[in-house]
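Single-structure report; data block below.
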Amino acid sequence: NKEKALEIIRAAAQAGADCIKIQTYTPDTLTIDCNNQYFQVQNGTWEGENLYSLYGKAYTPWEWQAELKQEAERLGLDFLSTPFDITSVDFLEKLGMEYYKIASFELVDIPLIKYIANTGKPIILSTGMSSVTEIEEALAAIRSQGKNNQVVLLKCSSAYPAISEDMHLATIEDMKKRFGVPIGLSDHTLGDLSAIIAVSMGAEVVEKHFCMDRSEGGPDA
């Protein structure tokens, strides 16, 4: 519902957010329409869902995105998106996207990372599930394009919702020393405790999923 999307953006602005982030994909840019076991979610929040069907429920229609960006900017919010393939990047470039987020699941998609880095735009990179070596490879891929050294890494636990006890926020201090770039938190926990602790440990960016009313349902509620 586009009006709901606009309401969410206005609520973020009223709450004091600096930025709004969406995701840019369609079911067909992420997966194939297949019902065998390899395309079923086996556990967690979306257990029993077929991937193609789940992405069909969750994606933000591309024809809305220019209007959403315009509304965010009217309210003084920065606006960015997470693309999941090259066609998404091309689409966002036409919208005038000024910086990008790369999701944890795409941290190992080196061709996509290089393509985004080639735009010369700042990049926020989530690191859920990744090893030190994989993070180093992603940073090297960005720098190899010679156009971009503006990177923020986000500490992330890729569970929905994440459990506070499993966040391992002490990693933030190690990441600051190890990688030499600004560090933030992609926070999938309920509540705000993890974000508060992360900021006290030096996190400079906090990303938080939110919805207006959990009773409305939907994949993120």
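For the range 1-20 and the range 66-111, write down the distance between their C-alpha centroids in whole Å.
For the range 1-20 versus the range 66-111, the Cα centre distance is 16 Å.
Rounded to the nearest whole Å³, what is the per residue volume of the convex hull around the Cα atoms of the range 1-138? Before the final figure, lay out the partial values.
Details: hull volume 18.7 nm³, N = 138.
It is 135 Å³ per residue.
For the pairs K94/K155; K94/K208; K2/K57; K101/K177; K69/K155, flag any whose C-alpha to C-alpha distance is greater than 24 Å. List each step's numbers first, then the result.
Numbers: K94/K155 30 Å; K94/K208 26 Å; K2/K57 13 Å; K101/K177 22 Å; K69/K155 26 Å.
Check vs 24 Å cut-off fails for K94/K155; K94/K208; K69/K155.
Around V132, under 15 Å between beta carbons, what's the net of Lys plus Arg minus Asp minus Glu among the other residues? Walk me through the intermediate numbers first.
Values: positive: K155, K176, K177, R178; negative: E134, E136, E137, E173, D174.
Once all neighbours under 15 Å are counted, the net charge is -1.
So if R0 is 41 Å, what FRET efficiency would D33 and M201 give, r being the distance between their Cβ atoms, rounded to the nearest 0.05? Intermediate values should be presented prior to the final figure.
Details: r = 43 Å, r/R0 = 1.05.
Taking R0 as 41 Å, the efficiency between D33 and M201 is 0.40.
Got a sec to turn the phi values of the range 139-153 into Karplus ³J(HN,Hα) couplings, 6.51 cos²θ - 1.76 cosθ + 1.60 with θ = phi - 60°, whole Hz, x for Gly and Pro?
Whole-Hz 3J(HN,Hα) from phi for the range 139-153: 5, 5, 5, 4, 6, 5, 7, x, 10, 8, 10, 9, 10, 10, 9.
Once the other residues with Cβ under 11 Å from the Cβ of K2 are scored (Lys, Arg +1; Asp, Glu -1), what is the net sum?
Residues close to K2 contribute a combined charge of -4.
What aspartates and glutamates sit close enough to K114 to cross-link, taking a C-alpha to C-alpha distance under 12 Å and skipping anything fewer than 8 places away on the same chain?
Within reach: D85, E106, E137.
FYI, it's all coordinate maths here, none of it is from the lab. As the structure is a prediction and not an experimental result, all values here were calculated from the model. Don't worry about glycine lacking a Cβ; one is built from the backbone with ideal geometry, like all the others, and counts go over all protein chains shown.
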